[in-house]
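Data block below; observations after.
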Amino acid sequence: MNYHNYYPVDIVNGPGTRASLFVSGCIHQCRGCYNQSTWRLDAGHFFSQEMEDQIINDLNDTRIKRRGLSLSGGDPLHPNNVPDILKLVKRVRSECIGKDIWLWTGYTFAELTEQQQEIVDLIDVLVDGKYEESQRDPALVWRGSENQVIHYLTKK
């Protein structure tokens, strides 16, 4: 997996202070997307074990308390990204107690594969659906167009 950007301190992509990872690779390629530079799978930087460890360390850093991790892109649920995102989400769940995980995807909840659903089962909030330029609303919080849905998930 490649990632386009990592922000160890972010106050824009989800509630509170967060760590945010923008992965590379998106098959949706929505018209009007503000992050077109993340569409190619080979864009950005290789997601190494060192980067994964850095995210875990940042989430556990007590000097800057972070509420959780935000995963966006590109698309974290792109089939090529699923193995690394699943590994990361599992580590956050086991090593970063009390941190929430938000994930943005162009897939709808109904379109998720079994492998993608495995990730969704471990996160707290899923914002799903392609960005639809014709439904753009700058007043929306955490999403760009009215068709996108924020799912607050209950942990099993």
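The values are calculated or read from the model by the stated rules, or taken from the named source; none is laboratory data. No experiment lies behind these values; they were computed from the predicted model shown. We place every Cβ from the backbone using ideal geometry, glycine too, and count neighbours over all the protein chains shown. Calculation scope for accessible area: heavy atoms of the full protein, side chains included, ligands and nucleic acids excluded. Shrake-Rupley method; radii C 1.70, N 1.55, O 1.52, S 1.80 Å.
Some points to look at:
- Rounded to 5, the percent of DSSP beta bridges in the range 29-155 classed as antiparallel: 40 percent
- Overall shape of the range 79-156 was characterised from the C-alpha gyration tensor. The equivalent ellipsoid obtained from it has semi-axes of 24, 15, 10 Å, in decreasing order.
- Put a plus charge on the Cβ of each Lys and Arg, a minus charge on the Cβ of each Asp and Glu, and nothing anywhere else: the dipole of the chain about its Cα centre is then about 380 debye.
- Using alpha-carbon coordinates, inclination of helix 82-95 to the longest axis of the chain, degrees: 40 degrees
- Principal axes of the range 1-58: Cα extent on each, largest first, Å: 34, 27, 12
- Computed with every protein chain present, the accessible area of TRP142 is close to 70 Å² [probe 1.4 Å].
- Listed residue (LEU112, PHE47, VAL89) projecting farthest to the positive dipole end of the chain, Cβ model: VAL89
- Among the trypsin sites (Lys or Arg not before Pro) found in the range 9-104, those both in a DSSP coil and sparsely packed, with 16 or fewer other Cβ atoms within 10 Å of their Cβ, are ARG31, ARG40, ARG63, LYS65.
- Where the chain is the region considered: accessible area per residue in Å², 1.4 Å probe: 51 Å²
- Value of [θ]222 nm, deg cm²/dmol, for the chain, DSSP H segments ≥ 4, -39500 (n - 2.57) each, nearest 500: -6500 deg cm²/dmol
- For the range 60-117, the convex hull drawn through the C-alpha positions has a volume of 90 cubic angstrom per residue.
- Accessible surface of the chain, 1.4 Å probe, proportion on carbon and sulfur as whole %: 51 percent
- For ASN2, distant residues with modelled amide H under 5 Å away: SER24, PHE47
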